[in-house]
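Worksheet: one structure, shown below.
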Amino acid sequence: MVRTICEGDLCDLCSAEVYSCRCDQPRVILDPPTACFGMFFPCSLGVRAICVWLTFRSLLASPAVLGHSLLPLFALERNYTNLNHGSYGATPLRVLQAEREWQDVMERNPDQWFRFDGPETLIGAADLARARVAEYVKADARDVVFVDGASAGVNAVLRSINLPPHSSILYLNTAYQMVKNTISYVNGERQQRSVQVNISVPSSKSEILEAVQNALDSNPSVELASFSHITSVPAILLPVEELVRICHEKGVMVLIDGAHALGQIPLDIPKTGADFYVANGHKWLYSPKGSAILWVARDKQHLIHPNVISDEGKGLSFFQLQFSYTGTKDYSAFLAMSAALEFREALGGDARILDYVSTLAVQGGQRLAEALGTEPMPTGGLAMVNVPLPEVAMICCDMKTAQRVLLKHRTFVPFYLWQGQCFVRVSAQVYNEVSDFVYLAGALRDVLQHDCFPSEVDI
């Protein structure tokens, strides 16, 4: 039996033998025993997901050419050029499908799930997913827990640790605003203060280390330091291993905000020497929004508690049990992290992915800067590039106006001010090509013609 399916048709595929699927992708023949997933999606997305699954299966046998040919594997609108993965990432349809499968199991019989089947099934599945992610970051799974995001992990650490009165928390001026806000909140609740260390970008490794060393020498009250592994804006890679070392020499604990690191650079969390490490999965790993990890050194785990205390978590360590169940909510994003890792393997593995995106960031950043008449910052091997705008962009205006103008071109990048100069941060992903950066250049020229430049944006 041959059947043609268009987007919008109901998905009753299991009864047929062979299908011809027609959507916005090339015509393919489906084998339902291995490719019937319409039940897990709204039908328009479900039909597309079937095509995606076949493409995914072919990747397992022979990884595809990276670039625009991979766009059908993602849920992005066909006319949208996504160059802001650093903020919100992009989750492959195959991973969204894995997430949806868990959601369907939960929603089919909520009482059966939450009261009987769910706890044991959830813990077992979470153990497997945590083991996969822990292996990916070269950590022991006993030291890793899932959290809803880097923000949740940072809050769990900063709000759990009871520092001595009149102690200080050190951070750099490049710290993400959420980290600064949480430190400010904690200090306001307790008799603590902040020590901000200002660095220039770009700076050499020795200059950064010297600035932090001087701050530690001048502020013996520092008990805890927080550093980004990769800063948000400007996007740079910090020498976290050396920063941890000089802090530990002073008896200072270290929290690393690795929100941008997981999936963008090779990551060995224990090797950093940090006491605490948080990392998002949605930005660069391809996992769903709401998936992140918190790693805590074994000798510090008794200090850390989740922001919500709910379950006893039988069979787990005290550290893990507190984070295993934090109330009635959707845990599917955590469980789908395994599918994200499988997707990376299907693309050819991390070496292939990271080489492509880091090379594209250099090439695309150079083309964008040339079009704007500026010079990009060195990328340092990252998949993000900081490109300065022309001097005309020094004219400040309403942020929302600039965003709207750029979004009319069906693309987006964060704008930011740094040391008196206006920049954009552009992210490269496996489905991007240099032509996307060229397209962005034209869109930015239109923004500049509107005299629009935002002073801040969600990054």
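The values are calculated or read from the model by the stated rules, or taken from the named source; none is laboratory data. Everything numeric in this text was worked out from a predicted model, so none of it was measured. Because the Cβ atoms are built from the backbone with ideal geometry, glycine has one as well, and the counts that use them run over all protein chains shown.
Numbers for the structure displayed
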{"quantity": "Options I256, I304; residue that is under 30 Å from Q419 (Cα atoms) and modelled with pLDDT of 95 or more", "calculated": "I256"}
{"quantity": "Qualifying residue in region 180-190 (condition: in contact (Cβ under 8 Å) with a residue 40 or more places away in the chain and within 18 Å of A152 (Cβ to Cβ))", "calculated": "yes"}
{"quantity": "Failed item, numbered, when G381 is tested on (1) in a loop (DSSP other than H, G, I, E, B); (2) touching a Gly at 6+ places or on another chain (Cβ under 7 Å)", "calculated": "(2)"}
{"quantity": "Candidates A126, A98 - the one that is closer than 26 Å to H260 by Cβ, modelled with pLDDT under 95 and small (G, A, S)", "calculated": "A126"}
{"quantity": "Filter pass, N84 being surrounded by 22 or more Cβ atoms within 10 Å (Cβ to Cβ) and outside the structural domain of N280 (by TED's automatic domain parsing)", "calculated": "yes"}
{"quantity": "Some residue of region 378-398 being farther than 14 Å from R425 by Cα, modelled with pLDDT of 95 or more and surrounded by fewer than 15 Cβ atoms within 10 Å (Cβ to Cβ)", "calculated": "no"}
{"quantity": "Qualifying residue in region 423-434 (condition: outside the structural domain of G281 (by TED's automatic domain parsing), at pLDDT below 95 and surrounded by 15 or more Cβ atoms within 10 Å (Cβ to Cβ))", "calculated": "yes"}
{"quantity": "Residue selected from region 293-316 under the condition without any contact (Cβ under 8 Å) to a residue 60 or more places away in the chain and in a helix (DSSP H, G or I), by the criterion nearest to A261 (Cα to Cα)", "calculated": "K300"}
{"quantity": "Residue match in region 286-303 (condition: within 23 Å of S427 (Cβ to Cβ), out of contact with any Lys or Arg (no Cβ under 6 Å at 6 or more places or on another chain) and surrounded by fewer than 21 Cβ atoms within 10 Å (Cβ to Cβ))", "calculated": "yes"}
{"quantity": "Odd one out for P270 among (1) crowded, with 20+ Cβ neighbours inside 10 Å; (2) within 30 Å of L360 (Cα to Cα); (3) not aliphatic (A, V, I, L, M)", "calculated": "(1)"}
{"quantity": "Qualifying residue in region 317-332 (condition: assigned to a helix (DSSP H, G or I), closer than 21 Å to V133 by Cα and under 18 Å from the mean Cα position of the chain (by Cα))", "calculated": "yes"}
{"quantity": "Condition broken by N187, with the remaining ones in (1) under 25 Å from the mean Cα position of the chain (by Cα); (2) modelled with pLDDT of 95 or more satisfied", "calculated": "(1)"}
